[in-house]
1. Would you mind telling me the share, in percent, of accessible area of segment 33-159 contributed by carbon and sulfur at probe 1.4 angstrom?
2. Distance from the Cα centre of segment 125-167 to that of segment 89-107, in angstrom?
3. How large are Rg and Dmax for segment 157-240 when calculated on the C-alpha trace, in angstrom?
4. Express in Å², to the nearest 10, the accessible area of residue 89 obtained by rolling a 1.4 Å probe over the protein heavy atoms while all chains stay in place.
5. Work out from phi, with θ = phi - 60° and the Karplus expression 6.51 cos²θ - 1.76 cosθ + 1.60, the ³J(HN,Hα) of each residue of segment 17-22, listed in order in whole Hz, and give x for Gly and Pro.
6. Please state the shape class of the chain: rounded when a/c is under 1.5, otherwise prolate if a/b exceeds b/c and oblate if not, all from the C-alpha gyration tensor.
7. Excluding residue 140 itself, calculate the net charge of residues whose Cβ lies under 15 Å from the Cβ of residue 140, where each Lys or Arg counts +1 and each Asp or Glu counts -1.
8. Residue by residue through segment 5-10, which ³J(HN,Hα) values in whole Hz follow from phi under the Karplus form 6.51 cos²θ - 1.76 cosθ + 1.60 (θ = phi - 60°), with glycine and proline marked x?
Amino acid sequence: MTAAPCAEVLQDPAAEAAGRLARVIERGGHIALSGGATPRAAYERLAGMALDFSRATLWFGDERCVPPQDEQSNFAMVRAALLDRLQGSGPVVRRIEGERDPRAAAASYEQLLGEVFGEGMPELDLALMGLGPDAHTASLFPGQEALDERERLAVAVEEPGMEPWVSRVTLTLPVFNAAREVVFLAAGADKADAVARAFSGEQHRDAPASLVSPGSGSLTLLLDEAAAAKLPGAVEVSRR
Ligand code: 6PG
């Protein structure tokens with residue numbers, strides 16, 4: 001069984017995600033960002049907020065192994081949606097080097113996390129997670145060996161479970177599960193089945209998001225009505 005998530009069904013879940021990111025940014029916290037179209041909408045909202053970004057650090061939950069200017073790069077997406085739109089000093093950005101061999105990029109990201117957080121599991125203040133229609137999150141795809149990783153902080157994923165069909169680097173479950181706040185953001189009817197499978201209370205390797213279960217941190221789902229349509233009855237829901 002997983003820790004019960006707190007689900008919020010909202011008109012505009014991306015705006016709520018932006019508000020949560022903003023609170024951590026103002027405190028100068030460490031955030032892991034996600035790729036994907038739904039998280040992108042949150043970054044665009046964030047770009048329009050007058051905030052002091054300068055003390056915050058942005059990490060990436062995963063990256064596609066392409067150069068940082070490639071249209072498939074998660075870093076490129078965050079730069080276009082958020083970083084290039086900021087007026088004042090930006091945050092510290094710790095990107096995954098997608099232009100490198102995925103194993104080398106994973107090792108170097110792990111080293112960077114160690115340098116910043118010290119030994120042991122890093123404690124991110126917030127991990128923003130997307131959700132794929134196959135219930136993957138970050139680049140943790142159904143049934144893959146990355147799901148079994150218990151020691152490493154970042155690993156290579158040579159063959160992703162869905163498009164774009166490029167290798168990935170992903171943070172591992174122990175890193176996400178050590179975060180103080182884990183927020184899943186999902187919108188649209190094509191996510192309803194994945195939401196139901198991931199948050200049924202049972203953990204399965206074929207629904208990787210179900211394996212994200214923070215040890216002492218909080219787990220929040222930000223959903224629109226369509227994505228929440230098949231949410232199991234046992235999940236406590238608040239609507240705004
Ligand atoms: C990525 C991701 C991935 C994403 C989900 C949801 O690199 O693609 O980090 O986990 O967040 O697939 O993406 P959408 O919002 O585009 O469906």
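The values are calculated or read from the model by the stated rules, or taken from the named source; none is laboratory data. Everything numeric here is computed off the predicted structure, so don't read it as measured data. Using ideal geometry, Cβ is built from the backbone for each residue, glycine included, and neighbour counts are taken over all protein chains shown. All accessible areas refer to the heavy atoms of the entire protein, side chains included, with ligands and DNA or RNA removed. Shrake-Rupley method; radii C 1.70, N 1.55, O 1.52, S 1.80 Å.
1. Of the solvent-accessible surface of segment 33-159, carbon and sulfur hold 43 percent.
2. After rounding, the separation between the Cα centres reads 16 Å.
3. Spelled out, the Cα radius of gyration and Dmax of segment 157-240 are 13.7, 41 Å.
4. So the heavy atoms of residue 89 present about 80 Å² to solvent.
5. Those phi angles translate into 4, 4, x, 5, 4, 4 Hz.
6. Cα axes put the chain in the rounded bin.
7. -3
8. Once θ is set to phi - 60°, the couplings for segment 5-10 become x, 9, 9, 10, 9, 10 Hz.
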